[in-house]
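Take a look at the structure set out below.
The values are calculated or read from the model by the stated rules, or taken from the named source; none is laboratory data. Since this is a predicted model, take the numbers as computed values, not measurements. Positions of Cβ are generated from backbone atoms using ideal geometry, with glycine treated the same way; all protein chains shown enter the neighbour counts. All accessible areas refer to the heavy atoms of the entire protein, side chains included, with ligands and DNA or RNA removed. Shrake-Rupley method; radii C 1.70, N 1.55, O 1.52, S 1.80 Å.
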Amino acid sequence: MKVFIVHAHPEPQSFNGALTLHAQEVLRAAGHEVRVSDLHAMKWNPVLDRHNFTTVANPDYFKPQQEEMHAAQHHGFAPDVQAEMEKLQWCDVLVFQAPLWWFSLPAILKGWVDRVFAMGFAYGGGRWFDRGVFRGKRAMLSLTTGGGDSFYAPDGINGDINDLLYPINHGIFYFCGFDALPPFLSYAPARVSDTQRAAYLAAYGERLLTLDTVKPLSYPPLAAFDETFRRRAG
Ligand SMILES: Cc1cc2nc3c(=O)[nH]c(=O)nc-3n(C[C@H](O)[C@H](O)[C@H](O)COP(=O)(O)OP(=O)(O)OC[C@H]3O[C@@H](n4cnc5c(N)ncnc54)[C@H](O)[C@@H]3O)c2cc1C
């Protein structure tokens, strides 16, 4: 397997840092190839604006998706974006490693998606969901939280973790054709025991070795929707 980890944490000694380090060791020991984009180390700029492009489709009015379509046709993405696009094309499995911040991805990682998952490259022209650009590839979230697992149970105070992550698993990964895998959660690493943290790392190592076999989350195909994109009866 070729695994591409996009790592988003400002502190290398964090538990997120430990998870990404462990992932590289486990996967390489098993003969897999790994590439990591450590967004803070790269000083990744998360803001999508004209700096995303070396080309200009319309100098008078900046419409991101129009510029993206134009850039996709004219090799017009900025070098930092182009480099990430090539890693996406290279990989079999994409992993996002990050803390849950405000029930979502940290801005630096959301901005990586904003800039790299460009129209004309990652979606567009009828290529979405099960007809998506990245079909055949898999993607997984590996997230840490502040709240414990009970906070994210179906009846927990923060809501069901699978509902919270739907916009990412369905709206980003599956939208672009990836099979979204069940997320790996390390709940409250700052508050659990050393033993539990070691158990998280061990369980993550085991999960990584099943990236190519674990059953993806189940989402309906395009054929399940009518011409107004509502679910067909039955
Ligand atoms: C802006 C913001 C928004 C947030 N929003 C949310 C939210 O919506 N929901 C929520 O639940 N939480 C939220 N949080 C909390 C956040 O999710 C957690 O603080 C974070 O996930 C914890 O992960 P970490 O890697 O930062 O842990 P750290 O605090 O870096 O690490 C935890 C512990 O692991 C130890 N450790 C490091 N390496 C190893 C190793 N190899 N082996 C064993 N132990 C190790 C560290 O020393 C430390 O003691 C938010 C935090 C911020 C800053």
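Being of a type in the set (Phe, Trp, Tyr) and open to solvent by 50 Å² or more (accessible area, probe 1.4 Å) is the filter; apply it to segment 126-152 and report the residue that is nearest to residue 176 (Cα to Cα). Ranking the qualifying residues of segment 126-152, first place goes to 128.
Figure legend. Inter-residue proximity from segment 119-136: first residues within 15 Å of residue 170 (Cα to Cα) and among the β-branched types (Val, Ile, Thr), second residues part of a loop (DSSP other than H, G, I, E, B) and open to solvent by less than 70 Å² (accessible area, probe 1.4 Å), beta-carbon distance below 8 Å, spacing 6+ or different chains. Indicated pairs: 133/121; 133/122; 133/177. Just one of the numbered conditions (1) more than 24 Å from residue 100 (Cβ to Cβ); (2) in contact with a helix residue (DSSP H, G or I) (Cβ under 8 Å, 6 or more places away or on another chain); (3) part of a loop (DSSP other than H, G, I, E, B) is not true of residue 9: (1). Of everything in segment 87-107, what is farther than 19 Å from residue 187 by Cβ and touching a His at 6+ places or on another chain (Cβ under 7 Å)? Give them in sequence order. Selection gives nothing. In segment 1-30, the residues that are free of Cβ contacts under 8 Å to residues at least 24 places away in the same chain reach residues that are more than 10 Å from the ligand (Cβ to nearest atom) and not small (Gly, Ala, Ser) with C-beta atoms within less than 7 angstrom, at least six apart or across chains, in these pairs: 24/34; 24/36; 28/34.
For segment 1-30, filtering for residues that are more than 16 Å from the ligand (Cβ to nearest atom), open to solvent by 40 Å² or more (accessible area, probe 1.4 Å) and among the aliphatic types (A, V, I, L, M) leaves 3. Considering only residues in segment 12-44 that are of a type in the set (S, T, N, Q) and part of a helix (DSSP H, G or I), the one that is farthest from residue 206 (Cα to Cα) turns out to be 16. Within the group 163, 155, which residue is surrounded by fewer than 13 Cβ atoms within 10 Å (Cβ to Cβ), out of contact with any helix residue (DSSP H, G or I) (no Cβ under 7 Å at 6 or more places or on another chain), of a type in the set (Asp, Glu) and part of a helix (DSSP H, G or I)? That would be 163, the only listed residue that is surrounded by fewer than 13 Cβ atoms within 10 Å (Cβ to Cβ), out of contact with any helix residue (DSSP H, G or I) (no Cβ under 7 Å at 6 or more places or on another chain), of a type in the set (Asp, Glu) and part of a helix (DSSP H, G or I).
Scanning segment 74-122 for residues that are part of a strand (DSSP E or B) and either more than 12 Å from the chain's Cα centre (by Cα) or of a type in the set (Gly, Ala, Ser) (or both) returns 77, 98, 99, 101, 104, 119.
Conditions (1) part of a loop (DSSP other than H, G, I, E, B); (2) over 17 Å from residue 104 (Cα atoms), marked per residue:
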position	(1), (2)
130	no, yes
139	no, no
143	no, no
146	yes, no
191	yes, yes
204	no, yes
210	yes, yes
223	no, yes
233	yes, yes
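Filtering 181, 201 for residues that are surrounded by 10 or more Cβ atoms within 10 Å (Cβ to Cβ), within 16 Å of the ligand (Cβ to nearest atom) and either within 18 Å of residue 140 (Cβ to Cβ) or of a type in the set (D, E, K, R) (or both) leaves a single hit, 201. Residues that are in contact (Cβ under 8 Å) with a residue 40 or more places away in the chain, open to solvent by 70 Å² or more (accessible area, probe 1.4 Å) and under 13 Å from residue 111 (Cβ atoms) within segment 31-84 comprise just one, 47. For segment 126-167, a residue qualifies if it is β-branched (Val, Ile, Thr) and within 13 Å of the ligand (Cβ to nearest atom), and the qualifying residues are 144, 145, 157, 161.
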